[in-house]
Every structure is written in structure tokens, then in C-alpha cells.
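Notes to accompany the following structure.
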2 protein chains.
Amino acid sequence: MFSTLRRSFNIGINSIFWRKSKAGPSAQFPSLQYSNCNMSKTALIILAPGAEEMEFTIAADVLRRAGIAVTVAGLNGPDPVKCSRDIVILPDTSLETAVAQKYDVVVLPGGLGGSKAMADSQIVGELLRAQEGDGRFIAAICAAPTALAAHGIACGKTLTSYPAMKKQLEDKYSYVDDKNVVQDGNLITSRGPGTAYDFALKISEQLVGAEKVQEVAKGMLLTYS
Amino acid sequence: MFSTLRRSFNIGINSIFWRKSKAGPSAQFPSLQYSNCNMSKTALIILAPGAEEMEFTIAADVLRRAGIAVTVAGLNGPDPVKCSRDIVILPDTSLETAVAQKYDVVVLPGGLGGSKAMADSQIVGELLRAQEGDGRFIAAICAAPTALAAHGIACGKTLTSYPAMKKQLEDKYSYVDDKNVVQDGNLITSRGPGTAYDFALKISEQLVGAEKVQEVAKGMLLTYS
């Protein structure tokens, strides 16, 4: 079966390997797990049902362009995830599996449904508290900062979000209205689809430096300063 | 099995319906097909292996935000498609199935691998020639205008592309270097990931009008004029 699947997915020889998922409904959807070999910086992006697919895709794509080893972890397992505008994406692995290792950054894409699912998730809370405790980066965009608030992460810090989320955040945080991306120490936040490139480039800059990020931006026909 | 899959994908009741794919390797990946009911404008987006996933996702998401009924058609069938930065996306259906109906616009995302696959595809050539013959919209971004050239589409018209593709296009077309999006009649072209929002908004404007597009842009924290 594996050889059939490899053909079907046009899989590169070295970049990924197949992992058969656990028994149950998910067993018929083998998931991908990204190989982190020879890459120094790592990112975990949580993919929850109802995630904003542009914010998710821009984060994963831009970080990979920057040479960061990105693991896309399905919140509810390794099965395909239906995003906010009905694009269906296969995670590399389940969040449950992914949290066995540490990452330089944990990224939370927005989308109302995805953010609520992350806010309600015990495993996300545990992951974020460990990430914060280690002094590693946490990044959230659009509605996703509400998941930080739900888990009591980074309270008192300066952040931004999708404008409609402001009321849910301004009591716990120092809220910024007028910047596309806000960084306060190891917390990086941003506002919505229209700021997603800036968000992904800022995360990348913190992990691989400005020179590499400017090269990545130029390749996408963007500027980053 | 369907009820299990419906749970697994968190599927909305009315927005989509399941279609069991043909026998063979793809049979274990049931695909989604978007319901076009009550939507007047339609778009077909071709998803080929190696497609640039940001350009694909932004086009599909923005057009759906604009109320356009988008069908995501897998070039090689309904199976999951591995994009240029290893994000794996499930099409709604196969291109072979999708071409049974007409669309107001056919959209070709970029990505070197995806564009070459579309350039080499007989069914894409037939689809584009029929679309051009009907006077309906064709839209291509980044490397994808090279697929238009390969199939002899829109020769002599004004267009743009990812800058590195210019040499492959300037003999057949009037090439524009200095605009993010170029429209010449029913042909809309654009340059790369950094211009993908402008590209998707321009397509949407042609189908649903400026007022709706400005509302969509505002919701994404962008401006469109």
C-alpha cells in the first residue's frame, strides 16, 4: 500500500516519510511527518478544524522557505482537517504525537472555529504552558490570541489580534490597535489574513535572522524591513 | 463509512456532500465536492502537484469569501495533492470530473512543478481552449502563465508573471513588468505569492463587483481600490 500512496502523493524521496496512523476512523488516512534532519530551527503549527487556511498556509510555507523545519500537527489527530473556507488539509501528524518533542516556536493560526477549538483543548494548554515556561516563542494571529487568553498564557504582555477580538483580550493584555505584528519578548501576535505575510516573516526573522528573511521576502515579491 | 468520515472531517450539513471516488488507489480518499446551489458565479481552480500553496489557498479562500462557488479540481484525480512546500491538500473532485460543467473563471495557481504539470496536460489545454472560445475568464499567477503559452492561449495579449518566467513569455505576449495584476479582456494574470491577494480580489471584482470585493478585503484587513 505504501508504494501506491507514494505514487499518489508525488512524494519526494528524502523530505518526508509515511507513518501509518492509529487504528480507527483515521487509519484510512495515512499522515505525513516532516523530517527535521539537518535543519536547526523547528516550528509546530497547530491545524484545528475551522482554522483560517490562508493564515495557516502562509505561516507553514514562509517558514519552510526560510529553512525552518515545520511540523503541521492536527489538533484532533492525523486526519484531514476542514478549514474555515472548506479547504481540506492533511496534517503531517497529530498534535498528540507532535508534542513529544520541543519546538523553537509554536504557531496558532486564526479562524474562529480553529481558535475556539484550541482554546478548549487541554493538550494545547499544556503545550503552551510548557513553551512559555521554557522561554520559547509562541505566535498567534487573528482570533488565535483568544486561545492564549483561555489558557492563561502571556498575561500582562503586549499583543494584537483580529480587531473583533479586542474586547476578549484588553483586560488581560496591553492591547495594540495600530500595528500589523506585535512582538513582546517571546510572544508574536498579528491581526488577520492581510497581515499574515508580515506575521510569518517576523517569526522567521526571530529564528533565522533578517538577512535570510529578506531573501525569502524577495523571492515572494515582497519587501521586509 | 460515510458517517464516520463526516465526523472525522467536521463537515457542515449543507455546504458539501461526499462523493465516493473511483476504484483504485484514490478509492480510500473520498473527495469533497462543493455544492454550487444558490450561488450564481462559479470558479474552477486547478490543483496540480507542486502548486504554490499560498497562491492556491488565497485564490480559493478569497473567491469563497466573495460568494463565488469554487471547485478545487485535482489535476491528476481526486487524491490529495502535495504542493510546492509540502502542504498536502484534498481537492473537491478530479479535473476530469470537474470539466463536465462550465465555469465563469478557470484559475491556474503558480508553482514551478504545478505549472509544468498544467503545461503538459492535454485536459488543461482542452479546458483552456474551450474557456477562451466561450469568452469566459482565465486567470493565472506566478509561473502559471507559462501553461497558457504551452497551450497557445491568449497569444498576443498583455500579461505578467513571476519575473523569472518573462523570457518564456515575451515572444508570445505583450509583457508587463511593473504591475501586480494585469487584465486584458478575459485574461487576468499576476506575479507571485506577494501579489496573490490582489490577484484573487481582481478575479472576484470581475465576477461579483467592486462593492462586494471591498467588503471582502476589509474583512481580511486589506484595502482594495
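Read-outs throughout are calculated quantities, based only on the coordinates presented, and are distinct from any laboratory measurement. Since the structure is predicted, the reported quantities are computational estimates derived from the model, not experimental observations. No Cβ is skipped: glycine too gets one built from the backbone with ideal geometry, and neighbour counts run over all protein chains shown.
General observations
- One Cα centroid belongs to the range A:95-159, the other to the range B:98-160; the line between them spans 41 Å.
- Cα gyration tensor, the range A:149-194 - rounded (a/c under 1.5), prolate or oblate: oblate
- 3J(HN,Hα) from dihedral phi, the range A:202-209, Karplus parametrisation 6.51/-1.76/1.60, rounded to Hz, x for glycine, proline: 5, 4, 4, 4, 5, 9, 10, x
- Inter-copy label distances at B:Ala164 (7 Å, Cα→Cβ; nm, one decimal): 3.9
- Summary value for the range B:41-218: 22 percent relative contact order, contacts being C-alpha pairs under 8 angstrom separated by 6+ residues.
- Beta bridges by DSSP in the range A:41-218, antiparallel share as percent, to the nearest 5: 20
- Shape call, the range A:41-218: gyration tensor on alpha carbons, a/c limit 1.5: rounded
- Partner aspartates and glutamates for B:Lys212 [C-alpha distance under 16 Å; skip if fewer than 8 residues away on the same chain]: B:Asp61, B:Asp198
- The range B:127-225: relative contact order as a whole-number percent, Cα under 8 Å and 6+ apart: 24
- Above-threshold pairs, the threshold being 20 Å between Cα atoms, out of A:Lys218/B:Lys166; B:Lys41/B:Lys82; A:Lys157/A:Lys179: B:Lys41/B:Lys82
- Label point 7 Å beyond Cα along the C-beta direction, distances from A:Ala100 to other copies (nm, shortest first): 4.4
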